[in-house]
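I have placed the structure first, in the form of structure tokens, so that the comments after it can refer back to it.
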Amino acid sequence: MTVNSEFSNNGSQSASTEQIPWDKDALCGQTSPEAFFPEKGTSNRDAKKICGQCEVARECLDYALENDERFGVLGGMSERERRKLKGLGAQAITVEFENSQAKNRRL
């Protein structure tokens, strides 16, 4: 996954594209990005299903949490699910991630 930072977390525009080390192994790079950024009110099930099979989903989730990514499905979790992880310790995040991945694999 190549992260295109068109908008920074504060809403200002940026033209930078950041290459992240695990991107070549991310399954999302082999599929349509629209699945990971569904329109409001539509299902994110397809993206979560892909994340459930991805071997770098945890790295993706860690990236999303560290960079306060507010949009899309990253690491198998929606924006709302990631917000709930804020303030939790590493062990609790691991438990939530593993539960989420197990659920996503059953989709």
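Go through the stretch 27-81 and report how many residues are among the hydrophobic types (A, V, I, L, M, F, W, C) and farther than 15 Å from Phe97 by Cβ.
So the answer is 8.
Those residues that are modelled with pLDDT of 55 or more and either closer than 19 Å to Arg80 by Cβ or among the aromatic types (Phe, Trp, Tyr) (or both), I need them from the stretch 1-27; list them, please.
Listed by number, the list holds a single entry, Trp22.
Which numbered condition in (1) in a helix (DSSP H, G or I); (2) charged (D, E, K, R); (3) at pLDDT below 95 is the only one that Lys40 fails?
In the conditions (1) in a helix (DSSP H, G or I); (2) charged (D, E, K, R); (3) at pLDDT below 95, Lys40 misses (1) alone.
Pairs under 9 Å by beta carbon, first residue on the phi < 0 side of the Ramachandran plot in the stretch 24-47, partner part of a helix (DSSP H, G or I) and modelled with pLDDT under 90, six or more apart or different chains?
Gly29/Asp23
Residues in the stretch 88-105: is at least one more than 19 Å from Ala26 (Cα to Cα) and assigned to a loop (DSSP other than H, G, I, E, B)?
Within the stretch 88-105 (the criterion being more than 19 Å from Ala26 (Cα to Cα) and assigned to a loop (DSSP other than H, G, I, E, B)), the answer is yes, since at least one residue qualifies.
In a helix (DSSP H, G or I) and at pLDDT 95 or above: does that describe Glu59?
In short, yes.
Mind checking which residues of the stretch 64-75 are touching a Gly at 6+ places or on another chain (Cβ under 6 Å) and either assigned to a loop (DSSP other than H, G, I, E, B) or loosely packed, with under 13 Cβ neighbours inside 10 Å (or both)?
Those that are touching a Gly at 6+ places or on another chain (Cβ under 6 Å) and either assigned to a loop (DSSP other than H, G, I, E, B) or loosely packed, with under 13 Cβ neighbours inside 10 Å (or both): none in the stretch 64-75.
The values are calculated or read from the model by the stated rules, or taken from the named source; none is laboratory data. Given the structure is predicted, the values throughout are model-derived calculations rather than measurements. Cβ atoms come from the backbone with ideal geometry, glycine included; neighbour counts cover every protein chain shown.
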